[in-house]
Amino acid sequence: MTDKRSKNHDLDHSVEGRRNRAAVDRLRSLLKPERLATNDELAEMWSGYIPLERDGKLQKGFKHLVDSASTFSVGKPDKRRILAIIGRSGAGKSTAIVKHVASTKEMHPYLDEDGVWVQPMLYMELSSPCSPTRLALDGIEALGHAYKGRVTRDAVWKEFERLLKLHKVMFLILDEVQNAIENANTTEISILGNNFKMLTQLSDWPVRLILAGVPPLGSFLARKQLYTRRTVVRFDTLDLDATANLTTIRTVLETVVVGDADLRTGFDVTDEFLQRLLHANFSEFGSTVQMIRNAVELAVRDGRTVVELEDFVNVYANDSGAARRMNVFLAKDWRDLDPTAAALTEEDRAWEQERRRAKGKNATKYTVRPQ
């Protein structure tokens, strides 16, 4: 990837790219050298990527899409043109996509024989909510165009397909796909599935799709029209009572603290601490790595060479809004604590209770507190 800050490979030769770079350079010129050095050091730490076993499966999925796009199918149809990445929020899906795009040179921009820059990969993060028509309109805009015709679903999708071919987009990455599913009715979901299917089987320019999101993406992909056309990589949560997972997180902690930041821990890293760390992040790998890096950043910005337990206490307090007695890293009953509810006041709870009462027997935690 030419620029770690952009999933779409924003190029410095473009007018917007040059202006963006100039704006950042001006900001950097206003900072003191020592502050700038610290920022660059931390940026290097945050840019690091820690792979898991699932990355091997994801890499194979990327390679399959590239191989699939390298030749027009002859004989047996090449149907598996969709790679799906499914996991809860904080699992590390988006970060993994950025990493694997960066290491897949076939998806990088290039200058064609006419002197035109081509981006074989288009990345889109879907808005919420996102209807099939909205998705196509956003795609047209992402390709640098404004749709000027009569807005109908068929018309905008036809234009989106035309522009994907015009810009030689071989790989379309759609992140947060659940935003197109959660509030859609059965008809809209069926239409979306058909549109995805049509993109992958265009006779003159089939597009390979990479879909990422949280449930109900798995339910959407179970539809017969997509089942035989997709490969799924799951980003599952980590069981905090599994020894192998604790070993993994212990290794990650050492990698970030010692290997990346050249610091050391000033407390005993017990299995219980690692379990508390996982619980604070809903047992999601990506969020857990982020909390470790946040704790390291506190130490670095304080000019310390040691990461203390209090750094994790403070990061959790900042993230959750929890009082010390309700802090996962301090409380005796930490397994019973819900990090998402730590910031709730009595007024918040009263409001939720009233909504629950109003919805009666149909009330669920999702209708009372949107997830």
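The values are calculated or read from the model by the stated rules, or taken from the named source; none is laboratory data. This is a predicted model, so every value here is computed, not measured. In this analysis, Cβ positions are derived from the backbone assuming ideal geometry, glycine residues included, and neighbour counts consider all displayed protein chains. All accessible areas refer to the heavy atoms of the entire protein, side chains included, with ligands and DNA or RNA removed. Shrake-Rupley method; radii C 1.70, N 1.55, O 1.52, S 1.80 Å.
See the values below:
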{"quantity": "With every protein chain in place, the chain: carbon and sulfur % of accessible area (1.4 Å)", "calculated": "50 percent"}
{"quantity": "Projected area averaged over orientations for region 230-306, convex hull of C-alpha atoms, nm²", "calculated": "5.9 nm²"}
{"quantity": "13 Å Cα-Cα reach of residue 197 towards aspartates and glutamates, excluding residues that sit fewer than 8 places from it in its own chain", "calculated": "78, 161"}
{"quantity": "Estimated vicinal HN-Hα couplings, Hz - region 150-157 in sequence order (Karplus 6.51, -1.76, 1.60; Gly, Pro = x)", "calculated": "6, 7, 10, 4, 4, 5, 6, 5"}
{"quantity": "For residue 173, residues with placed amide H under 5 Å, excluding near neighbours", "calculated": "122, 123, 124, 210"}
{"quantity": "Lys/Arg +1, Asp/Glu -1 at C-beta; the chain dipole; positive extreme among 201, 71, 29", "calculated": "201"}
{"quantity": "Cβ crowding within 10 Å averaged over residues, with 105-114, 161-170 ranked highest first", "calculated": "161-170, 105-114"}
{"quantity": "Links that overshoot a 24 Å alpha carbon limit, given the list 57/158; 60/105; 148/168", "calculated": "57/158"}
{"quantity": "Contact order relative to length of the chain, as percent, for alpha carbon pairs under 8 angstrom and 6 or more apart", "calculated": "16 percent"}
{"quantity": "Placed amide H near residue 84: partners under 5 Å, 5+ positions off or other chain", "calculated": "211, 231, 232, 233"}
{"quantity": "Most mobile of 230, 324, 19 in a GNM of the chain (Cα contacts under 10 Å)", "calculated": "19"}
{"quantity": "Cα-Cα pairs of the chain separated by more than 35 Å (percent)", "calculated": "37 percent"}
{"quantity": "Over region 189-250: Kirkwood hydrodynamic radius from C-alpha pairwise inverse distances, Å", "calculated": "14.1 Å"}
{"quantity": "Using a Förster distance of 41 Å, the FRET efficiency for residue 116-residue 340 (Cβ separation, nearest 0.05)", "calculated": "0.30"}
{"quantity": "The chain, dipole about Cα centre (Lys/Arg Cβ +1, Asp/Glu Cβ -1), debye to the nearest 20", "calculated": "1560 debye"}
{"quantity": "Selection from 178, 124, 109, by position along the positive dipole direction of region 69-220 (Cβ)", "calculated": "178"}
{"quantity": "Solvent-accessible surface ranking, highest first, for 205, 351, 157, 117 at 1.4 angstrom", "calculated": "351, 117, 205, 157"}
{"quantity": "Anisotropy class of region 284-349 from Cα gyration tensor, a/c 1.5 cut", "calculated": "prolate"}
{"quantity": "Accessible area per residue, Å², region 209-276 with all protein chains present, probe 1.4 Å", "calculated": "48 Å²"}
{"quantity": "Theoretical FRET efficiency, 1/(1+(r/R0)^6), r = Cβ-Cβ of residue 28 and residue 310, R0 30 Å, to 0.05", "calculated": "0.45"}
{"quantity": "Phi-based couplings in Hz for region 124-141 (Karplus 6.51, -1.76, 1.60; Gly and Pro marked x)", "calculated": "9, 9, 6, 6, 10, x, 9, 6, x, 5, 4, 4, 5, 4, 5, x, 4, 5"}
{"quantity": "Long-range amide H partners of residue 261 with built H, under 5 Å", "calculated": "none"}
{"quantity": "Inter-site label distance for residue 67 and residue 89 at 7 Å from Cα along Cβ, in nm", "calculated": "3.7 nm"}
{"quantity": "Rounded, prolate or oblate (a/c below 1.5 giving rounded, otherwise prolate when a/b exceeds b/c) for region 61-179 by Cα gyration tensor", "calculated": "rounded"}
{"quantity": "Order by protection proxy (mean Cβ within 10 Å, highest first), peptides 260-267, 211-218, 37-44", "calculated": "211-218, 260-267, 37-44"}
{"quantity": "Extension gain, residue 318 back to residue 347 (0.36 nm per residue minus Cα-Cα distance, nm)", "calculated": "8.4 nm"}
{"quantity": "Expected 222 nm ellipticity per residue - DSSP helices of 4 or more, -39500 (n - 2.57), all of the chain, to 500", "calculated": "-14500 deg cm²/dmol"}
